[in-house]
Amino acid sequence: MTPSQFPSHGTVTVVSHTTVAQGYKRMELQYANPVPQPEAGQFFTLASPLPAFTPLRRPFAYAETFPNGFSFIYELRGQVTQAIAQWPVGTQSDVIGPLGTPFPLPTEQRKPILVAGGIGVGPIYALAHTLCKNGYAPIVSLGSREAALIPDLDWPASADVRICTDDGSKGIHGNALAALQPDESKDAEFYSCGPHPMMKAVYQLAQKNDAPSWSSLEEMMACGVGACQGCAIPMEDGGYERACVEGPVFDSRRLAW
Amino acid sequence: MVTTQIDTTVRIAGKTWTNPVGVASGTFGFGEEYASLCDLEQLGAIFTKAVTPEKRDGNTPPRLANVDGGMLNAIGLANPGLESFLQLKMPKIESLPCPAIINVAGASVDDYIKVAETLNHHEAIWGIEVNVSCPNVDHGGMAFGTNPKVLGSLVKQLRKAYDGPLIVKLSPNVTDITETARAAEAEGADALSCINTVTGMKIDVNTRRPLISRGTAGFSGSAIRPIGVAAVWRVSKAVSIPIIGLGGIGCTNDALEYLLAGASAIQVGTALFSNPKIPNDITKGIEEYMQENGFQSLSDFHGHF
Ligand SMILES: Cc1cc2nc3c(=O)[nH]c(=O)nc-3n(C[C@H](O)[C@H](O)[C@H](O)COP(=O)(O)OP(=O)(O)OC[C@H]3O[C@@H](n4cnc5c(N)ncnc54)[C@H](O)[C@@H]3O)c2cc1C
Ligand SMILES: Cc1cc2nc3c(=O)[nH]c(=O)nc-3n(C[C@H](O)[C@H](O)[C@H](O)COP(=O)(O)O)c2cc1C
Ligand code: FES
C-alpha cells in the first residue's frame with residue numbers, strides 16, 4: 001500500500017467525548033468538509049490548543065472511521081492531552097490527515113494476531129474492524145498493568161479478544177503474549193502497537209515461527225508530512241526511515257531492534 | 001476608503017520575490033511535502049532543507065523535544081546529498097511556483113564550494129542560503145558562523161563560486177552578531193538571514209538524561225522571537241545589505257516586528273508545524289497593515305522604528 005499522497009487540513013468538531021478506561025478517553029470528531037478516508041494504522045495530527053506555548057501538532061492514530069468523521073482513543077499524558085481532555089462536545093479544532101503508511105492485510109491463508117498495549121489500542125481497534133470486514137477472524141491480545149486501564153470498546157463479533165493483566169485483575173495473568181497458545185503462532189501474521197518491549201517480544205515470537213510481523217512505532221514528530229526528518233526510525237540495514245511517511249507501520253524485520 | 005498602491009516586492013541582488021514571506025530551511029523540506037497544505041504560489045520564497053555534498057543520515061533519535069514556547073531539534077542536516085538532490089529533488093523544485101533558495105551546508109570549505117559551484121547558474125534556483133550556523137553537527141556548521149575571520153574567508157570563496165544571490169544565515173550563538181554580519185557583508189554576501197536556532201537543552205529529571213540524544217540542540221519557536229528581533233535590529237544598523245528576519249514568527253504582528261526592526265523580508269519556521277497556512281495568512285496580514293497604515297513599500301517600515 002502506498003502512503004497517502006495528499007493529506008488534507010480541515011476543521012473538525014467534537015461530537016462525542018467519553019472516558020473509556022482510567023486515564024484514557026475516546027473523542028469522536030466530525031469533519032466540516034469531506035476528506036480522504038484513512039486506513040487502519042494511519043494517523044492524523046491535531047493542532048495544539050496552545051500553539052505559542054507548545055507549537056507541535058500531536059499525532060494520534062485513527063480508531064474508527066465514519067463517512068463524515070472519525071474517533072481516536074488517547075491517554076492523558078502531558079500538556080496537550082490534558083488540555084483536550086477538557087473539551088466539551090461542540091469544541092472545534094483542526095486536523096491534518098490521513099498521514100503515514102497503513103497496516104497491510106495478511107498474506108494469504110495466514111491468521112492475523114493483533115497485540116496491543118497502552119496507546120496502541122486505537123490503531124489495533126481500527127485494524128480489527130478492517131480485518132473483520134474483509135472476512136478475517138483475528139485474535140486480539142490486549143495487555144495492560146491492571147483491569148482499570150483496559151478501554152471498554154465495541155470489538156467486532158468475529159474478533160477473538162483476549163485480555164491480559166500484569167496483576168491478574170482481569171483475564172489472563174501475564175503479559176500480552178501469555179494469551180497466545182504455541183500452535184496459534186504457526187501460520188499467523190503478527191501486528192502490534194504499544195510499548196517498545198511488547199513490540200519487540202511480538203517480533204521475536206514471529207521470528208521464531210518464521211511469520212511475518214508488522215509494528216506500528218511511535219516517535220516525536222514535528223511536521224508529520226515528511227519534511228523535517230525529525231521522526232527518524234533506525235533500520236536494520238543502517239540509516240533511518242521516517243515514522244510519518246514510510247511508517248508508522250513497518251515490517252518488523254526491517255527495524256533495528 | 002482610498003486604497004493606496006502597495007508594493008510588497010523584495011529585491012535582493014537584482015532579483016525579486018513578490019512578497020516578503022518565506023518559509024525557513026529545515027521546516028519545509030523541499031516544498032513538495034506541503035503542496036496540499038499551503039498555497040505555494042503565495043510564498044515569497046522557499047528555503048530548502050540543507051544540502052551537503054554527501055548524503056547524511058542525521059543524528060541518532062530522539063531528534064525533537066517539546067519545550068515551553070517552542071521546540072528543540074537536532075536533525076543533524078539529514079539530507080540526500082548533492083547528487084540525489086539534483087536527480088530527485090531538482091525536477092520538483094523546477095516546478096515550484098515560487099523562488100527556491102537552496103540552503104547549503106558542509107563540514108569544510110570545500111564542501112560548501114562544491115555545492116555552490118554545482119548550483120551556480122542553475123535556472124530553477126533563485127539563490128543560495130549558506131548555513132554557517134547549524135548547532136547540530138560536530139564539524140563545520142556553527143564553527144563557520146561564530147568566528148568572523150573564518151566566516152569572512154568562507155564567504156569570499158563562495159562569492160567566487162556562486163554568481164546569484166548569496167545569502168548568509170547568521171547564528172545567534174555569538175557574543176556580538178554585528179561582527180559576523182559585517183564580515184559576511186565585507187566579503188560579498190548579498191543578504192543576511194537572521195537568526196538560526198539558539199543552542200538549548202532539556203533534561204528529563206526522571207531518567208536523568210537529556211531529551212535529545214546529542215545533549216544540546218537548536219531551540220526555535222515563539223520564545224526566541226525577542227532574540228531574533230534584537231539581532232535584526234542590531235545587524236540592520238551595522239550593515240547596508242537586506243536582512244531576512246526569522247525566529248519565532250507565528251502571526252502577522254510577529255512578522256511586522258521584524259520588518260520594523262529592519263528586516264526586508266521574513267521566514268516562518270517552527271510555526272509551520274502548528275499550522276502550514278500561517279505564511280499565507282501573514283502575507284495577507286502584512287498587506288492589510290500596509291494598506292491601513294499608509295505604507296507603500298516594505299522599505300517604509302524601516303523609517304518607522
Ligand atoms: C504515529 C503516532 C500515533 C499515535 N497514536 C496515539 C493514539 O492513538 N493515542 C494516544 O494516546 N497517543 C498516540 N500517540 C502519542 C501521542 O502523540 C502523544 O501521547 C501526545 O503527543 C502527547 O502529547 P502531550 O502534550 O499530552 O504530552 P507531552 O508532555 O508533550 O509529551 C509526553 C510524551 O508524548 C509524546 N509526544 C509529545 N509530543 C509529541 C509529538 N509532537 N509527536 C509524537 N509524540 C509526541 C512523547 O513521547 C512525549 O514524551 C501517537 C504517536 C504517534 C507518533
Ligand atoms: C526541524 C528543524 C530543522 C532545521 N534545519 C535547518 C537547516 O537544515 N538549515 C538551516 O539553516 N536552518 C535550519 N533550521 C533553523 C530554521 O531555519 C530557523 O532558522 C530557526 O528554526 C528559527 O526560526 P523559527 O523559530 O521560526 O523556527 C531548522 C529548524 C528546525 C526547527
Ligand atoms: S515528522 Fe517531520 S519528517 Fe516525520
> Which one of the conditions (1) open to solvent by 60 Å² or more (accessible area, probe 1.4 Å); (2) hydrophobic (A, V, I, L, M, F, W, C); (3) within 16 Å of ligand 3 (Cβ to nearest atom) does A:Leu99 fail to meet, given that it meets all the rest?
Replying inline: (1)
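Do we have any residue at all in the range A:107-114 that's more than 14 Å from chain B (Cβ to nearest Cβ), within 13 Å of ligand 1 (Cβ to nearest atom) and surrounded by fewer than 16 Cβ atoms within 10 Å (Cβ to Cβ)? Can you show your working first?
The first filter runs over the range A:107-114 and keeps only residues more than 14 Å from chain B (Cβ to nearest Cβ), leaving A:107-114.
Still in the list and also within 13 Å of ligand 1 (Cβ to nearest atom): none.
So far as the range A:107-114 goes, no, none of its residues is more than 14 Å from chain B (Cβ to nearest Cβ), within 13 Å of ligand 1 (Cβ to nearest atom) and surrounded by fewer than 16 Cβ atoms within 10 Å (Cβ to Cβ).
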>> Whether any residue in the range A:141-151 is modelled with pLDDT of 95 or more and open to solvent by less than 10 Å² (accessible area, probe 1.4 Å) is what I want to check.
In response: yes
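Please specify each residue of the range B:45-63 satisfying the condition of being over 19 Å from the mean Cα position of the chain (by Cα) and either away from ligand 3 (no atom under 13 Å from the Cβ) or not in a loop (DSSP other than H, G, I, E, B) (or both). Lay out the reasoning, then the answer.
First, pick out the residues of the range B:45-63 that are over 19 Å from the mean Cα position of the chain (by Cα): B:53-63.
Of everything in the range B:45-63, those that are over 19 Å from the mean Cα position of the chain (by Cα) and either away from ligand 3 (no atom under 13 Å from the Cβ) or not in a loop (DSSP other than H, G, I, E, B) (or both) turn out to be B:Pro53, B:Glu54, B:Lys55, B:Arg56, B:Asp57, B:Asn59, B:Thr60.
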> Between a first residue in the range A:69-85 that is part of a helix (DSSP H, G or I) and a second residue that is of a type in the set (Val, Ile, Thr), which pairs have beta carbons less than 6 Å apart while being 6 or more apart in sequence or on different chains?
Replying inline: A:Gln79/A:Thr54
>> Given the criteria under 13 Å from B:Ile243 (Cα atoms), part of a loop (DSSP other than H, G, I, E, B) and either in contact with a helix residue (DSSP H, G or I) (Cβ under 6 Å, 6 or more places away or on another chain) or open to solvent by less than 60 Å² (accessible area, probe 1.4 Å) (or both), does B:Ala184 qualify?
In response: no
> Which of the residues that make up the range A:245-257 are within 19 Å of A:Ser192 (Cβ to Cβ), within 15 Å of ligand 1 (Cβ to nearest atom) and either of a type in the set (A, V, I, L, M, F, W, C) or assigned to a loop (DSSP other than H, G, I, E, B) (or both)?
Replying inline: A:Glu246, A:Gly247, A:Val249, A:Phe250, A:Leu255
> (1) in contact (Cβ under 8 Å) with a residue 60 or more places away in the chain; (2) within 11 Å of ligand 2 (Cβ to nearest atom); (3) closer than 20 Å to B:Ala231 by Cβ: which one isn't true of B:Ala263, the others all being true?
Replying inline: (2)
>> Against the condition under 16 Å from the mean Cα position of the chain (by Cα) and either over 21 Å from A:Ala40 (Cα atoms) or open to solvent by less than 40 Å² (accessible area, probe 1.4 Å) (or both), how does A:Cys193 come out, does it pass?
In response: yes
>> Taking the condition of being closer than 26 Å to B:Gly247 by Cβ and surrounded by fewer than 22 Cβ atoms within 10 Å (Cβ to Cβ), how many residues in the range B:90-99 meet it?
In response: 3
>> If B:Ile241 meets every condition in (1) among the β-branched types (Val, Ile, Thr); (2) under 25 Å from B:Glu187 (Cβ atoms); (3) assigned to a loop (DSSP other than H, G, I, E, B); (4) within 13 Å of ligand 2 (Cβ to nearest atom) apart from one, which number is that one?
In response: (4)
> Can you name every residue in the range B:1-35 that is open to solvent by 50 Å² or more (accessible area, probe 1.4 Å) and within 16 Å of ligand 3 (Cβ to nearest atom)?
Replying inline: B:Glu32, B:Ala35
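Looking at B:Ile266, is it out of contact with any Lys or Arg (no Cβ under 6 Å at 6 or more places or on another chain), more than 20 Å from A:Ala52 (Cβ to Cβ) and assigned to a strand (DSSP E or B)? Please lay out each step first, then the result.
Numbers: out of contact with any Lys or Arg (no Cβ under 6 Å at 6 or more places or on another chain): yes; more than 20 Å from A:Ala52 (Cβ to Cβ): no; assigned to a strand (DSSP E or B): yes.
So B:Ile266 does not fit the description; no.
So for the range B:266-275 (the condition being more than 16 Å from the chain's Cα centre (by Cα) and either among the hydrophobic types (A, V, I, L, M, F, W, C) or surrounded by fewer than 24 Cβ atoms within 10 Å (Cβ to Cβ) (or both)), does at least one residue qualify?
yes
Does the range A:31-38 include one or more residues that are away from ligand 1 (no atom under 15 Å from the Cβ), open to solvent by 10 Å² or more (accessible area, probe 1.4 Å) and part of a strand (DSSP E or B)? It would help to see each step written out before you state the result.
Quick first cut of the range A:31-38, residues away from ligand 1 (no atom under 15 Å from the Cβ) only: A:31-37.
Within this subset, residues satisfying the condition of being open to solvent by 10 Å² or more (accessible area, probe 1.4 Å) are A:31-37.
Remaining after also requiring part of a strand (DSSP E or B): A:31.
Within the range A:31-38, one or more residues are away from ligand 1 (no atom under 15 Å from the Cβ), open to solvent by 10 Å² or more (accessible area, probe 1.4 Å) and part of a strand (DSSP E or B).
Of these, A:Gly238, A:Gly226, A:Gly168, which one is within 14 Å of chain B (Cβ to nearest Cβ), modelled with pLDDT under 95 and open to solvent by less than 60 Å² (accessible area, probe 1.4 Å)? Break it down into steps so the answer makes sense when it comes.
Details: A:Gly226 fails: modelled with pLDDT under 95; A:Gly168 fails: within 14 Å of chain B (Cβ to nearest Cβ).
Result: A:Gly238 is the single residue among A:Gly238, A:Gly226, A:Gly168 that is within 14 Å of chain B (Cβ to nearest Cβ), modelled with pLDDT under 95 and open to solvent by less than 60 Å² (accessible area, probe 1.4 Å).
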>> Here are the criteria: (1) in contact with a helix residue (DSSP H, G or I) (Cβ under 8 Å, 6 or more places away or on another chain); (2) within 9 Å of chain B (Cβ to nearest Cβ). Tell me which single one A:Ala211 does not satisfy.
In response: (2)
> List pairs: first in the range A:100-116 and free of Cβ contacts under 8 Å to residues at least 60 places away in the same chain, second in a loop (DSSP other than H, G, I, E, B) and open to solvent by 10 Å² or more (accessible area, probe 1.4 Å), Cβ under 7 Å, 6+ apart or cross-chain?
Replying inline: A:Leu105/A:Asn134
>> Restricting to the range B:38-85, count the residues that are at the interface with chain A (Cβ under 10 Å from one of its Cβ atoms), hydrophobic (A, V, I, L, M, F, W, C), open to solvent by less than 20 Å² (accessible area, probe 1.4 Å) and in contact with a helix residue (DSSP H, G or I) (Cβ under 9 Å, 6 or more places away or on another chain).
In response: 2
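Residue-wise test of (1) closer than 22 Å to A:Ser71 by Cβ; (2) assigned to a loop (DSSP other than H, G, I, E, B).
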{"site": "A:Val121", "(1), (2)": "yes, no"}
{"site": "A:Tyr125", "(1), (2)": "yes, no"}
{"site": "A:Ala128", "(1), (2)": "yes, no"}
{"site": "A:Leu131", "(1), (2)": "yes, no"}
{"site": "A:Gly135", "(1), (2)": "no, yes"}
{"site": "A:Leu142", "(1), (2)": "yes, no"}
{"site": "A:Trp155", "(1), (2)": "yes, yes"}
{"site": "A:Ala178", "(1), (2)": "no, no"}
{"site": "A:Glu189", "(1), (2)": "no, no"}
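I need the full set of residues from the range A:1-30 which are assigned to a loop (DSSP other than H, G, I, E, B) and either buried (at least 21 other Cβ atoms within 10 Å of the Cβ) or within 16 Å of ligand 3 (Cβ to nearest atom) (or both), in order please. Even if it seems obvious, please write down each step before you answer.
Filtering the range A:1-30 down to residues assigned to a loop (DSSP other than H, G, I, E, B) leaves A:1-7, A:22-23.
Within the range A:1-30, A:Pro3, A:Ser4, A:Gln5, A:Pro7 qualify.
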> Of all the residues that make up the range A:201-241, how many are out of contact with any Gly (no Cβ under 7 Å at 6 or more places or on another chain), away from ligand 1 (no atom under 14 Å from the Cβ) and outside any helix (DSSP H, G or I)?
Replying inline: 11
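The values are calculated or read from the model by the stated rules, or taken from the named source; none is laboratory data. Being a predicted model, the structure only gives us computed values, none of them experimental. We place every Cβ from the backbone using ideal geometry, glycine too, and count neighbours over all the protein chains shown. When the accessible area is computed, the model is the full protein with side chains, heavy atoms only, and any ligands, DNA or RNA have been set aside. Shrake-Rupley method; radii C 1.70, N 1.55, O 1.52, S 1.80 Å.
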